[in-house]
Structure formats: C-alpha cells, structure tokens
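To keep things clear, I will list the structure first and then write my remarks on it.
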Amino acid sequence: MTSAFPRLSRIFAHTALLPEGWADDVLIQVDEAGWIRRVTPGAKAEGAQRVAGPLLPGMPNLHGHAFQRAMAGLAEQAASRDDSFWTWRNVMYGFVGRLGPEEAEAIAAQLYVEMLEAGYTACAEFHYLHHAPDGSPYQDSSEMGQRHLKAASTAGIGLTLLPVLYAHSGFGGREPDPKQRRFINNLSLFRNIYESLHKVATHKNELQLGLAPHSLRAVTPELLQEAITGVRALDKDAPIHVHVAEQIGEVTDSLRWSGSRPVRWLLDNHALDERWCLIHATHMDRRELEDLAASGAIAGLCPTTEANLGDGLFPAVDYVRAGGRWGIGSDSHVTVDPWTELRLLEYGQRLLYRRRNLLRPSEGGSVGRFLYQGALSGGAEACGRPIGALAEGKRADLVVLDPECPVLWGKEKDQLLDAAVFASGGKVVRDVAVGGRWVVQESRHPLRDEVAARFRGAIEHLKGA
Ligand SMILES: [Zn+2]
C-alpha cells in the first residue's frame, strides 16, 4: 500500500526549521529508502520540488491506544455525582467487549490518517487489547498487534508498537479483574506475542518494537524485570513505556504497597535513562521531579486526555527548569492534533501560576518553538526511531505548513509556530511526508474516504453487536 504514496527526492523550502534554528532557502536531499542525505541552507532550488510553505520536522505522538478513538464522545455523560478516571475506565471496559480484529484495524487506520493530516508523522501504540472477547488468545496470539502494523502501513505513518504486559489488577500481584481478560498475559504468552511481532518489525524503516509494562499496578517487580531482560536480549535499545502516577489513588496504593511513590519506586529499582518513557508522571514530589529530569527518561505528556480524565496538572514549569525531557501523546484520542496538545500544556501552567509564556527557553524566546522542538526531541527519543529533525541520517518525516491559512499570514519563523500552536485551531498543515513519501497533499490523505468508509462500517458493527 505504501507504494501509493509519491516519493520525494529533492525538495526546496523557502524557510525551514533545522535543529540549530530557522534557515532560508533550504535544499533537502532524500535517498530512495527515505533517509535525509543532505540538508543545505542558502542553496538554489535547481530543479528541486518547491514545497508550498514553511517546512517543519513531523511530530511524533508518543502515546495512544488506537481503539479509544472510537470511544471519543461516549464517556461524557454524567453517570453519577462522582465521575472520575475510574468510572471512565468502566465505560472503556464495556466498549472493548464488542471489538474484534477487523474493527481494531479499521479504527486504527482512521486514527492514523487523522494524525497524519494534523501533522503527526509517527506514533507509539501502547497496545493492550490482545485477546478475543472471552479472554482466549487468537489463533495467532499477535493478531491484534499485526492489525495495528497493517493499519499503520495503510495510512503510511511511522509506528512504534509497544505490546503491553498486563498481568494483575493492582499492586502486589492482585488477581486480574474479569473485565480485564482481553488484556491479560502471563510471561510466556507475552513472549510469544512479542517475538512474533519482533520478526515482522525487524529491518523495517517505519517500525520499531518496544515494551510497555502497563503500570506498576499491572506487573510485579519480578515479572517486570524478567520482561525487560527478555526484550533487551532481542533489542538492547528497545524503548520501554509505562503508565505511572496518573492518579492520586495510584500514588496512595503504591505507598501502601511499597512505601514508595510510583515514580520514586521506578527511580530506585531501575536504571531509568532515555530509553524509558514515563507516561503521565503527573503526581510527583520535588525530589522525584528532579531525579526524573536528571535520569534522561522522557515524560510522556497527554494534556487533552489528562484534562478529559481529570488527572491533574503535570508540573511542567518545574520539570522543564530542572532540564527534564518530555514529548506529547494523544492517549485516548479525544483530540488528534499536536497543536492543541502543546497549547493546553502551556495553558494549564498559565492558569495555575496566573502568568504567561511559561514553557520557554531560559534566556526567553518563542513559546511555540520551545514547545514544538521539545516535543520533537522527546517524542523521537521515546519512539526509539531516527526521527524528529531535518538533519542528515534522519527519516524524511516532514510537515509543510499551509500558506493559505490566514492565521499564518504576515508571520515569520518563530511567529509561525506561535500562531500554529496558539491560534490555528489545529488546521494548519498542508503537506506531510513520512520516510520520503508524500502521505498528505493539499491537506488530504489520498485514502481518507476509503479508510473512513471502513471506519464507519466498524462503528456500525460495534453499535449493532
Ligand atoms: Zn494511556
């Protein structure tokens, strides 16, 4: 399916965001396999394809559960006086009961097309819906994972697939809840799934495999260690993502179980580094925050989902000042555009501190650019792939801003990113390439209608079932 996307080889941008900053008249050469071979600022177009607007590196989306896109809007009905993350989770458990491989693939393809049209060029799929509705493994135990690979290939997005290890319903190895039966694996079943996906993912430029222990609630310390050892034996740099400290209740339970808060427990028991991504990490004390920042691990922030679920605010100002790395994800996909995630990340802090322009370089400067570049760097690291920069040796994952978007008129360089993040409403992308192929042109994915028709079919099936 990828061959449906036109290849690019030499492109010329009037202005482009390079790792060292904005540059004019940039010629980018891309080889047949989709790698950036040369970036030359101050060049002449000399027959290269001219892009229509300002050129940016494509944004990685470091966290999400694709099937939840089909639930967006279904969990906003107040059921009781005390709706919370935990009551949302019950809606989700009910929803997955009706979802099979066909639907999972159709929903993921729809989501990935929407992501591309919004400017995400890669995503990390935190994949925990493994088994059939009765909890038994599919004939190929990696069936659901394979469906996500197919969906990503149909859409043409880069994928970091993170099969989830989920074994328990609470700290200390509590028996799983029957409602979690589609997610639950023991170590040997998990290994089968992982190894079979590993065979497919190896040597593919647009794919990376990694490990996702669901949370400290869902694994015991011994199981976590064994899973890490097994995955590292296959790929020593495989990314490891874990949900952590999303809810106050989780922090309280962790303290009761181990005497440590969740982020502290991870810091004390594992050598966290840039191969680790801690999803949410919302509730940290000062020492946890400083030690996490010093570890090099990435904080995976999902501002619109965290707001939707009432998680609380990540201490972004303190974490950034401590030198912490971070990226953005869309998690439950109530929102599918990077601009809105970045805007809400900054706005949360403004509302908290009653100040403006908080997430910024220490010497001052553009908030939009600081947010965009911070999320590129942390997101690329968390995806474990050579993406996130217009530079030699990276994948040619590109976003061209739409010069016809009125909010961009009269803006230059950093102002373009400030306008895109704070004033565009997310509709600001014209063209998108992944691995040197145009997957969105003139704001449209070529398979948009076909993929949407399958998605509609999946939704009708879910409603009728
Ligand atoms: Zn999540």
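Mind checking which residues of region 153-170 are touching a Lys or Arg at 6+ places or on another chain (Cβ under 7 Å) and buried (at least 21 other Cβ atoms within 10 Å of the Cβ)?
Gly156, Gly158, Thr160, His168
Can you tell me which residue in region 240-265 is farthest from the ligand (Cβ to nearest atom), limited to those that are of a type in the set (D, E, K, R) and assigned to a loop (DSSP other than H, G, I, E, B)?
Narrowing region 240-265 to residues of a type in the set (D, E, K, R): 246, 250, 253, 256, 261, 264.
Next cut, assigned to a loop (DSSP other than H, G, I, E, B) only: 246, 261.
On the way: Glu246: 8, Arg261: 19 Å.
The extreme case among them is Arg261.
Of all residues in region 252-278 being acidic (Asp, Glu) and more than 19 Å from Gly323 (Cβ to Cβ), which is surrounded by the most Cβ atoms within 10 Å (Cβ to Cβ)?
Here the answer is Asp253.
Residue-by-condition table, conditions (1) in contact with a strand residue (DSSP E or B) (Cβ under 8 Å, 6 or more places away or on another chain); (2) in a strand (DSSP E or B); (3) aromatic (Phe, Trp, Tyr); (4) away from the ligand (no atom under 16 Å from the Cβ):
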site	(1), (2), (3), (4)
Ala16	yes, yes, no, yes
Arg37	yes, yes, no, yes
Gly47	yes, no, no, yes
Pro60	yes, yes, no, no
Ala70	no, no, no, no
Glu76	no, no, no, yes
Trp86	no, no, yes, no
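Of the numbered conditions (1) at pLDDT below 90; (2) surrounded by 13 or more Cβ atoms within 10 Å (Cβ to Cβ); (3) not charged (D, E, K, R), Met59 satisfies every one except a single condition; which is it?
Failing condition for Met59: (1).
Residue check: is Gly425 surrounded by fewer than 19 Cβ atoms within 10 Å (Cβ to Cβ) and in a loop (DSSP other than H, G, I, E, B)?
So Gly425 passes the test.
State all residues of region 291-335 that are closer than 17 Å to Cys123 by Cβ and not hydrophobic (A, V, I, L, M, F, W, C); if no residue qualifies, say none.
Gly300, Pro303, Thr304, Thr305, Gly327, Gly329, Ser330, Asp331, Ser332, His333, Thr335
Within region 124-147, how many residues are small (Gly, Ala, Ser) and either surrounded by 18 or more Cβ atoms within 10 Å (Cβ to Cβ) or touching a strand residue (DSSP E or B) at 6+ places or on another chain (Cβ under 6 Å) (or both)?
Looking only at that region, the number is 4.
Please determine, by comparing only the residues of region 272-315 that are in a helix (DSSP H, G or I) and small (Gly, Ala, Ser), which one is farthest from the ligand (Cβ to nearest atom).
Ala294
Each row is one residue, and each column tells you yes or no for (1) surrounded by 13 or more Cβ atoms within 10 Å (Cβ to Cβ); (2) among the polar types (S, T, N, Q); (3) within 27 Å of His243 (Cβ to Cβ).
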site: Ala13; (1), (2), (3): yes, no, no
site: Ala23; (1), (2), (3): yes, no, no
site: Leu55; (1), (2), (3): yes, no, no
site: Gln77; (1), (2), (3): no, yes, yes
site: Thr87; (1), (2), (3): yes, yes, yes
site: Val96; (1), (2), (3): yes, no, yes
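Under 6 Å by Cβ, and 6 or more places apart or on different chains, what pairs join a residue from region 108-129 that is in contact (Cβ under 8 Å) with a residue 12 or more places away in the chain and in a helix (DSSP H, G or I) with one that is among the small types (Gly, Ala, Ser) and within 16 Å of the ligand (Cβ to nearest atom)?
Pairs found: Ala108/Ala66; Leu111/Ala66.
Tell me whether region 364-385 contains one or more residues that are of a type in the set (Asp, Glu) and surrounded by 22 or more Cβ atoms within 10 Å (Cβ to Cβ). Quick ask: steps written out before the conclusion?
Filtering region 364-385 down to residues of a type in the set (Asp, Glu) leaves 381.
From the residues that got through so far, the ones that are surrounded by 22 or more Cβ atoms within 10 Å (Cβ to Cβ) too are 381.
Scanning region 364-385 turns up at least one residue that is of a type in the set (Asp, Glu) and surrounded by 22 or more Cβ atoms within 10 Å (Cβ to Cβ).
Is one or more of the residues making up region 193-209 closer than 27 Å to Arg256 by Cα, in contact with a His (Cβ under 8 Å, 6 or more places away or on another chain) and at pLDDT 95 or above?
no
Looking only at region 302-325, filter to residues that are within 19 Å of the chain's Cα centre (by Cα) and charged (D, E, K, R); which one of those is farthest from Ser84 (Cα to Cα)?
The extreme case among them is Arg325.
Mind checking which pairs have a first residue in region 413-430 that is without any contact (Cβ under 8 Å) to a residue 24 or more places away in the chain and under 19 Å from Leu359 (Cβ atoms) and a second that is of a type in the set (Val, Ile, Thr) and part of a helix (DSSP H, G or I), Cβ under 8 Å, 6 or more apart or different chains?
Ala423/Val407
Which ones in region 35-60 are touching an Asp or Glu at 6+ places or on another chain (Cβ under 8 Å), within 13 Å of Lys394 (Cα to Cα) and of a type in the set (A, V, I, L, M, F, W, C)?
Once the filter is applied, which keeps residues that are touching an Asp or Glu at 6+ places or on another chain (Cβ under 8 Å), within 13 Å of Lys394 (Cα to Cα) and of a type in the set (A, V, I, L, M, F, W, C), region 35-60 yields Ile36, Val39.
Among the candidates Arg321, Arg343, Arg325, single out the residue that is under 30 Å from Leu74 (Cβ atoms), in contact (Cβ under 8 Å) with a residue 40 or more places away in the chain and more than 16 Å from the ligand (Cβ to nearest atom). Spell out how you get there, then give the answer.
On the way: Arg321 fails: under 30 Å from Leu74 (Cβ atoms); Arg325 fails: under 30 Å from Leu74 (Cβ atoms).
One residue alone meets the criteria, Arg343.
Could you tell me which of the residues Lys150, Lys204, Lys179 is surrounded by fewer than 24 Cβ atoms within 10 Å (Cβ to Cβ), assigned by TED's automatic domain parsing to the domain that holds Leu62, more than 20 Å from Trp265 (Cβ to Cβ) and without any contact (Cβ under 8 Å) to a residue 12 or more places away in the chain?
Lys204
So which helices (runs of 4 or more DSSP H) are wholly in region 133-239 and hold at least 1 residues that are farther than 29 Å from Ala458 by Cβ and touching a Gly at 6+ places or on another chain (Cβ under 9 Å)?
187-201, 221-234
The values are calculated or read from the model by the stated rules, or taken from the named source; none is laboratory data. It should be emphasised that the depicted structure is a prediction, and the values quoted were computed from it without experimental measurement. Glycine gets a Cβ as well: all are built from the backbone with ideal geometry, and neighbour counts include every protein chain shown.
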